[in-house]
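The values are calculated or read from the model by the stated rules, or taken from the named source; none is laboratory data. Small disclaimer: the values here were computed from a predicted structure and weren't measured. Here the Cβ is made from the backbone with ideal geometry for all residues, glycine too, and neighbour counts use every protein chain on show. What goes into the accessible areas is simple: the full protein's heavy atoms, side chains included, and nothing from ligands, DNA or RNA. Shrake-Rupley method; radii C 1.70, N 1.55, O 1.52, S 1.80 Å.
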Amino acid sequence: MKKALTLLNTLIIGFAASVWTGTGESSDPILADREIPADIASTCALTQACDQPAFSRRWVAKTLQGDLYIIINERCTGSDCRAWLVEKSASAATTLLSFDATFRLREDKAGYPVIESYTGMSATEGAYSRYEWIGNAYTRTTSRLVYNVDGVECGTIEQCRLAASEAVTQKQVDRAVRIWENVGGVSWI
């Protein structure tokens, strides 16, 4: 009797697992090469940043419509590399957003993550952009210009002014001058 109950439990669990994962699907969502949207697959041909694409895919979240993935071309080099957020539904995979490949994700209650990306504009300037899911699309909600001095980010103009004042207070006049020259455009002779 005990063996029959164990066999029955095993069959029930096996059946439940196959129903849970669906036909041909696993509990680990996958985005196959053939499912990558054409606008992403053709990007490599349009730029000099890569030789042949090697897309890495990372599952991000489950939504009501399907699964979200971040796609990055691992062979992309240089400052013009992009990342894409793709939603795979039962019918197709769709690109929701293209953004700079230097980014971080923040969790959001709606299932669609907040994306914060950084774009280097020059050796001394960069910009942070924040994208949020609003309604049925991603929208850039904030953008801020930041400055780098000696390879270190000092922040916005106001933050850099404060950093220069702090450097003067700490008797680091050379650092203060470099901040004023790079951020404020002040020339010192």
**Complete:** Listed by first then second residue, the pairs whose first member lies in the range 153-166 and is farther than 16 Å from residue 177 by Cβ and β-branched (Val, Ile, Thr), whose partner is at pLDDT below 95 and assigned to a helix (DSSP H, G or I), with beta carbons under 9 Å and at least 6 positions apart or on separate chains, are 157/183; 157/184
**Item:** Subset of the range 149-189 (residues that are open to solvent by 70 Å² or more (accessible area, probe 1.4 Å), farther than 14 Å from residue 123 by Cα, assigned to a loop (DSSP other than H, G, I, E, B) and not aromatic (Phe, Trp, Tyr))
**Value:** 170, 171, 172, 187, 189
**Message:** Looking at the range 132-144, can you tell me whether even one residue there is free of Cβ contacts under 8 Å to residues at least 40 places away in the same chain and open to solvent by less than 30 Å² (accessible area, probe 1.4 Å)?
**Reply:** no
**Request:** Check off (1) open to solvent by 50 Å² or more (accessible area, probe 1.4 Å); (2) in a strand (DSSP E or B); (3) not polar (S, T, N, Q) for residue 127 and give me the number that stays unchecked.
**Result:** (1)
**Message:** Which pairs turn up if I take residues in the range 61-73 that are touching a residue at least 12 places away in the same chain (Cβ under 8 Å) and open to solvent by 50 Å² or more (accessible area, probe 1.4 Å) and look for partners that are assigned to a strand (DSSP E or B) and acidic (Asp, Glu) with beta carbon separation below 8 Å, at least 6 apart in sequence or on another chain?
**Reply:** 65/87
**Of all residues in the range 28-37 being in contact with a strand residue (DSSP E or B) (Cβ under 9 Å, 6 or more places away or on another chain) and in a helix (DSSP H, G or I), the one that is least open to solvent (accessible area, probe 1.4 Å)** = 35
